[in-house]
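J.: Pasting a structure below so you can have a look.
Read-outs throughout are calculated quantities, based only on the coordinates presented, and are distinct from any laboratory measurement. Quantities reported herein were computed from a predicted structural model and do not represent experimental measurements. For neighbour counting, all protein chains shown are included, and Cβ atoms are generated from backbone atoms with ideal geometry for every residue, glycine included.
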Amino acid sequence: MKDERYTQYADLLLDTCVAVQPGWEVLIVGPPHSRPLLEEIGAGLGRRGAYAVYQLAYGNIIGAADRSWVREASLELVGKPSRLQAYLFENCDAIVAVDAPENTRDGSSIDSEKVNAGRAAYLPAMQRLISHEVPWVGCQYPTPALAQDAGMATDEFADFLFGAVLLDWKAEKERMQRYADRFDASEEVRIVGDGTDLRIGIAGRNMEVDAGGANMPGGEFFCCPLEDSAEGEILFGEFPAVYAGRELTGVRLKFQGGRVAKATAIVHEEFLNQTLDSDEGARRLGELGIGCNPGITRYMKNTLFDEKIDGTIHLALGFGFPNLGGKNESSVHWDIVKDLRNGGRIELDGEVVQENGVWTI
Amino acid sequence: MLLDACLHVQAGWEVLVLGPPAARPLYEAIGAALARREAYAVFQLSPEGSIGAINRSWIRNAPDELLPKPSSLQAHLLAETDALLFVAAPENTRDPASVDADRYTQARQAYREAMKRADADETPWVVCHFPTPAMAQEAGMATDEFEEFLYGACLLDWDAERERMQRYADRFDGAEEVRIVGAGTDLRLGVAGRPFEVDAGGTGGGSNMPGGEFFCCPLEDSAEGEIVFGEFPAVRRGREVTGIRLRFDTGRVVEASASTNEDFFFQLLDTDDGARRLGELGIGCNPGITRSIGSPYFDEKIDGTVHLAVGHGFPSVGGTNESMVHWDIVKDLRDGGRIEVDGEVVQEDGQWLI
């Protein structure tokens, strides 16, 4: 039996996320496991008078950099882009990237030097995408592997995923914009909770609302806090912080003049400090985000979702977004999520705007 | 074998790999092998394989005016690649039957210009098969049995096969007339001045794997007589046509009938003017293929058969017939059939006498 939710999902991706126009040539990339969604995307593009140019591959989102090839190719070759692949990125009118891992740890078998070289090879060709000149969307498809990471059965995970993406995004945008406007008019955000009392300056830094644009699910608003403003302490005790395949628990950060002055963790404390020492920017904040997706209520070890849990905030150590006024430079951008639903609160210039994860404005 | 014997891949080449998802182990082997040859593997898999911009879900829904216009991205890939590797790995061999034949033809035709270099064998290409349960089912075999069959048909000593087939082909080259006689069949074809090409798994241009035939483009106005393809069904785009009977007059099909899917068959013959003339005469010689499996790629190579293609001829071997159609139909000669070249019997009951 056909699952209508895939049709709705495809409609959402094509209309809300990339706003497909007749005559467009849309590149569809991803692995084949997501066939029901891929076929709905193809049909949806056909109905909109646009081309569906499939470029699926098994081991990578980039068809010319399949794992089977990268593993055997010389580092030199991996670092040079295929001109056919580059042409596709440079000339498509939009990209829909479907993430459907059959094993979320597959990437770990490849030398990270090669992975980075392969990614760098296509950066020039992807400039139009990175700068959002050409619309694109990254979305997920409910595979058993993603469900397993989330600790759910596959059908349960599918229900969860559709619950998080098939929202009334116009209404969500309006709602989040209302909160964001309050932040935009404020100088200081204070986050209070278990082991946590942190003040962050945001004067002159604007919040951006993600209500289903380049990432699906959307459901957050975020800004780049003033780089030298963070003062106080935060404990990420509710969820593990995941980075480079490692799970860190009990991460505690103490900020002084915007800089992490002390960092401890229960598990992987050494790795935490190594990461903070990657470069100067890794010790400063690149992002403060507020999760607002009402369909996401539990942690599932999947950053794309976790940072949108309704009633959480996240801080990113490292790189800030220049388009939002961020000045922090770093090779690190590590989102760590803090749950405020149990005794936490957010204050704006001294006024409580959210308590126990529930908005009071 | 695909990369060396069929495509002669060179360092720095960009090889476009097209196919459906089911052939994963083969793709992984191809990706690794191309990397070791310092060549790029540009994968473009799609739900139904073949060309990534033409899939059932899209063809069904696209507006009429978009179908015959190529996607510029897809056209660029096909026109600019250094080599093309098509993998056939259907998960249901009857899937194509659900797409309107005319819409499918239009969508394919859109890429004719982009495929020009490949059609002329300037860009090397190969079509190969991966043993899926669907293909095995179509062949009436268990999947593992089909796997054995497939590798038995492909992993041959192709140098020896080439030599053997070239010996036969030399007899046909320079002859004036080929006569095919068998059940309900007595057909004469003029081949004067038309060279025979041997397909022994790779020519540096286009090739099929498995190979195992030699073929020519008969003179377009020469076919005279009648032929009945009663032994095997002919399968095209998921449809099975059985009991095809054709009568030719000065090269043109003047009478046609079929026992099943006759309407589809007539529609095909009426596609364009060239669809009623012959584009190919082929002689199957693959010793690993002894039975019909319902796939023209294999059936046309059954040792002891001939096949005729209605429609498009190959300019590279002197063919002048133009058509959107090129449909190979196989005739078994192993039970009472024979081939004569200028009046001399060269094959009888599927056995070569030369």
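J.: Using just the alpha carbons, could you tell me how many Å³ per residue the convex hull of chain B encloses?
T.: On the way: hull volume 43.4 nm³, N = 354.
Cα-based convex hull of chain B, divided per residue, equals 123 Å³.
J.: On to the next question. Given Cβ point charges of +1 (Lys, Arg) and -1 (Asp, Glu) and nothing else, what value in debye, to the nearest 20, does the dipole of the stretch B:2-130 about its Cα centre take?
T.: For this selection, approximately 200 debye.
J.: I would also like to ask the following. What's the longest piece of chain A with no exposed trypsin sites (Lys or Arg not before Pro), counting a site as exposed if DSSP puts it in a loop and it has at most 10 other beta carbons within 10 Å?
T.: With a cap of 10 other Cβ atoms within 10 Å, the longest stretch comes to A:106-361.
J.: Same structure again: Given the convex hull over the Cα atoms of the stretch A:64-121, what projected area results after averaging over all orientations, in nm²?
T.: Working: hull surface 17.8 nm².
Mean projected area of the Cα convex hull: 4.4 nm².
J.: Rank these for me by crowding, B:Tyr40, A:Tyr179, going from fewest to most other beta carbons within 10 Å.
T.: Details: B:Tyr40 29, A:Tyr179 20.
The order, fewest Cβ neighbours first, is A:Tyr179, B:Tyr40.
J.: While we're looking at this one, here's another question. When we measure straight from the Cα of A:Lys262, which lysines land under 19 angstrom away, once same-chain ones fewer than 8 places off are left out?
T.: A:Lys254, A:Lys338
J.: Right, here's the next one. With n ≥ 4 as the cut-off for DSSP H runs, can you work out [θ] at 222 nm for chain B, using -39500 (n - 2.57) per run divided by the number of residues, rounded to the nearest 500?
T.: On the way: 10 runs with 87 residues, N = 354.
Value at 222 nm, helices only, nearest 500: -7000 deg cm²/dmol.
J.: Can you tell me the dipole magnitude for the stretch A:229-361 around its Cα centre, using point charges on the Cβ only (Lys, Arg +1; Asp, Glu -1), in Debye to the nearest 20?
T.: Working: 14 positive and 20 negative charges, 31 e Å.
Approximately 140 debye in magnitude.
J.: Then there is this: Classify the stretch B:191-301: rounded, prolate or oblate, from the alpha-carbon gyration tensor (a ≥ b ≥ c, eigenvalue square roots; a/c under 1.5 rounded; otherwise prolate if a/b is larger than b/c)?
T.: Numbers: a/c = 1.93, a/b = 1.22, b/c = 1.57.
Judged from the Cα gyration tensor, the stretch B:191-301 comes out oblate (a/c at least 1.5, b/c at or above a/b).
J.: Taking square-rooted eigenvalues a ≥ b ≥ c of the alpha carbon gyration tensor, is the stretch A:247-361 rounded, prolate or oblate, where a/c under 1.5 means rounded and, failing that, a/b exceeding b/c means prolate?
T.: Judged from the Cα gyration tensor, the stretch A:247-361 comes out prolate (a/c at least 1.5, a/b above b/c).
J.: When chain B is treated as a GNM, springs tying every alpha-carbon pair under 10 Å, which of B:Val306, B:Val42, B:Val198 comes out with the largest mean-square fluctuation?
T.: B:Val42
J.: As I understand it, the dipole of the stretch B:2-130 uses +1 on the Cβ of Lys and Arg and -1 on the Cβ of Asp and Glu, about the Cα centre. Which of B:Ala107, B:Val15, B:Leu78 lies farthest toward its positive end?
T.: Result: B:Ala107, furthest along the dipole toward the positive end.
J.: Still on this model: Tell me the volume per residue, in Å³, of the convex hull enclosing the alpha carbons of the stretch A:93-176.
T.: On the way: hull volume 11.9 nm³, N = 84.
Normalising the Cα hull of the stretch A:93-176 by residue number yields 141 Å³.
J.: Each residue of the stretch B:94-110 in order: what ³J(HN,Hα) in whole Hz does its phi give by Karplus 6.51 cos²θ - 1.76 cosθ + 1.60, θ = phi - 60°, with x for Gly and Pro?
T.: With the stated coefficients, the stretch B:94-110 comes to 9, 3, x, 4, 8, 9, 3, 4, 5, 5, 5, 4, 4, 5, 5, 4, 4 Hz.
J.: Something else now. Explain nothing, just the number: relative contact order of the stretch B:2-130, from Cα pairs under 8 Å at least 6 residues apart, as a whole percent.
T.: Numbers: 201 pairs, mean separation 42.0, N = 129.
Relative contact order for the stretch B:2-130 comes out at 33 percent.
J.: Sequence-distant or interchain residues sharing an amide H contact under 5 Å with B:Leu66, placed H: which?
T.: Under 5 Å from the amide H of B:Leu66: no residue qualifies.
J.: Name the residues whose placed amide hydrogens come within less than 5 Å of the amide hydrogen of A:Gly291, ignoring near sequence neighbours (fewer than 5 apart) on the same chain.
T.: A:Gly311, A:Thr312, A:Ile313, A:His314
J.: Explain nothing, just compute: Karplus ³J(HN,Hα) = 6.51 cos²θ - 1.76 cosθ + 1.60, θ = phi - 60°, for every residue of the stretch A:217-230 in order, whole Hz, x for Gly and Pro.
T.: Going residue by residue, I get x, x, x, 7, 10, 8, 9, 9, x, 4, 4, 10, 9, 4 Hz, with x marking Gly and Pro.
J.: Could you compute the net charge surrounding B:Gly282? Neighbours are other residues with a C-beta less than 9 Å from the C-beta of B:Gly282; K and R count +1, D and E count -1.
T.: Once all neighbours under 9 Å are counted, the net charge is -4.
J.: Residue by residue through the stretch B:255-270, which ³J(HN,Hα) values in whole Hz follow from phi under the Karplus form 6.51 cos²θ - 1.76 cosθ + 1.60 (θ = phi - 60°), with glycine and proline marked x?
T.: With coefficients 6.51, -1.76 and 1.60, one gets 9, 8, 8, 8, 7, 10, 6, 4, 4, 4, 5, 5, 4, 5, 5, 8 Hz.
J.: What Kirkwood radius, in Å to one decimal, follows from the Cα pairs of the stretch B:2-130? Write down the numbers at each step before the final one.
T.: On the way: mean 1/r = 0.0657 Å⁻¹.
It is 15.2 Å.
J.: Across peptide B:22-33, how many C-beta atoms of other chains are within 10 Å of each residue C-beta, on average?
T.: On the way: counts 1, 1, 5, 2, 0, 6, 7, 1, 3, 14, 8, 3.
Mean inter-chain Cβ contacts per residue within 10 Å come to 4.
J.: Sticking with this structure for a sec: Across peptide A:33-44, how many C-beta atoms of other chains are within 10 Å of each residue C-beta, on average?
T.: Working: counts 1, 1, 5, 1, 0, 5, 7, 1, 2, 13, 8, 3.
Counting Cβ atoms of other protein chains within 10 Å of each residue's Cβ and averaging gives 4.
J.: Could I ask something else about it? Quick one: net charge around B:Gly174, please, counting Lys, Arg +1 and Asp, Glu -1 for every other residue with C-beta under 14 Å from its C-beta.
T.: Numbers: positive: B:Arg167, B:Arg171, B:Arg194; negative: B:Asp170, B:Asp173, B:Glu176, B:Glu177, B:Asp342, B:Glu344.
Around B:Gly174, the charge tally is -3.
J.: Still on this model: Mean projection of the alpha-carbon convex hull of the protein assembly as shown over all orientations, in nm²? Can you show the working numbers first?
T.: Working: hull surface 126.0 nm².
Value for the protein assembly as shown: 31.5 nm².
J.: Let me ask you something else. How many nm separate the modelled label positions at A:Gln21 and A:Glu90, each set 7 Å beyond the Cα in the direction of the Cβ?
T.: 2.2 nm
J.: Tally Lys and Arg at +1 and Asp and Glu at -1 over the other residues with C-beta under 11 Å from the C-beta of B:Leu67: what net charge comes out?
T.: 0
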